[in-house]
Amino acid sequence: MDFHALVSGARTCRRYHGERRLEEGTLPWLVDCARLSPCGGNMQSLRFLAVSSPEKCERFYPALAWAAYLKDWPGPVEAERPTGYVVILVPLSKEDRTPPNTMIDVGIAAQSMQLAAWSRGIGACMFRSFSSKSIAEVLPVPEDYEVAMVLAFGHALEERRLVPVGEDESIRYYRDASGVHYVPKRALKEVLLGEF
């Protein structure tokens, strides 16, 4: 797949084929892609927890907050929920993390996993809105780490499309009456301030 097409297609996905489980080994493969990604100072301080069993996925789901711009949508119905999650952990110890590099590393790892997932036709959604307490009630988060980000995965159900930012300048994503999800993006000429 062309990389530009991969990046364009790897849009945030919030509705999945809930009855279609991820293939065994998918989540470890995604974590391996994150593990091999660049990181500041080669610190390799991130750790990961993967959730794939239906029972754990069901218990994990309420820890997440879905789609801030879609005010009237509480999240996917049970049949459209993710079938896997990866939790990215960062160390609490200052010796093991170098702000802001550690959070940049989290972003790099998350993007690597999202792109890797889409290369196999798997949708993903990144979360910074979650309940750490609820996650710790479901998963064995080590005492010397904290949750930095969560990624949800599953076989994409919803259609996502990129559109130009309109005259109103709104960058808020939205859905049409048939459920197609639109993501406004600024034009290249607006964000590329020059080539020297």
For region 128-196: rounded, prolate or oblate by the Cα gyration tensor [a/c cutoff 1.5] | oblate
Among rounded, prolate and oblate, which fits region 88-148 when a ≥ b ≥ c are the square roots of the eigenvalues of its C-alpha gyration tensor, a/c under 1.5 means rounded, and a/b larger than b/c means prolate?
-> oblate
Among 103, 149, 113, which one moves the most in a GNM of the chain with springs linking Cα atoms closer than 10 Å?
-> 103
In deg cm²/dmol, rounded to the nearest 500, the helical mean residue ellipticity at 222 nm of the chain, built from -39500 (n - 2.57) for every DSSP H run of length 4 or more, is -8000 deg cm²/dmol
Region 2-66: projected area of the alpha-carbon convex hull, averaged over directions, in nm² = 6.5
From phi via Karplus (6.51, -1.76, 1.60), per-residue ³J(HN,Hα) for region 105-115 in Hz, x at Gly/Pro | 4, 4, x, 5, 4, 5, 5, 4, 5, 5, 5
Could you tell me which trypsin sites (Lys or Arg not before Pro) in region 1-55 are loop residues by DSSP with no more than 14 other beta carbons within 10 angstrom of their beta carbon?
-> 20
Using a 1.4 Å probe, what is the accessible area per residue for the chain, in Å²?
-> 58
Loop-resident sites, region 8-57, for GluC sites (Glu not before Pro), counting at most 13 other Cβ within 10 Å (DSSP) = 19, 23, 24
Which whole-number percentage describes the relative contact order of the chain, with Cα contacts under 8 Å and a sequence gap of 6 or more?
-> 29
All alpha-carbon distances of region 57-169, grouped into 5 Å bins from 0, give the whole-percent distribution 2, 10, 18, 20, 20, 14, 9, 4, 2, 0
Pull out the extension gain between residue 72 and residue 21, defined as 0.36 nm times the separation in residues minus the alpha carbon to alpha carbon distance; nm, one decimal.
-> 15.6 nm
Given N residues in region 31-120, what is Rg(Cα) / (2.2 N^0.38 Å)?
-> 1.25
Share of the chain's accessible area from carbon and sulfur, percent, 1.4 Å?
-> 54
Got the relative contact order for region 51-121 handy, in percent, Cα pairs under 8 Å and 6 or more residues apart?
-> 29
Over the alpha-carbon set of the chain, work out the extent along each principal axis and list the three values in angstrom, largest first.
-> 49, 49, 32
Per-pair calculated FRET efficiency, R0 = 22 Å: residue 119 and residue 44 via Cβ, rounded to 0.05 | 0.45
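The values are calculated or read from the model by the stated rules, or taken from the named source; none is laboratory data. Remember, it's a predicted structure, so these values are computed and weren't measured experimentally. Glycine gets a Cβ as well: all are built from the backbone with ideal geometry, and neighbour counts include every protein chain shown. These accessible areas exclude ligands, DNA and RNA; they are computed on the full protein's heavy atoms, side chains included. Shrake-Rupley method; radii C 1.70, N 1.55, O 1.52, S 1.80 Å.
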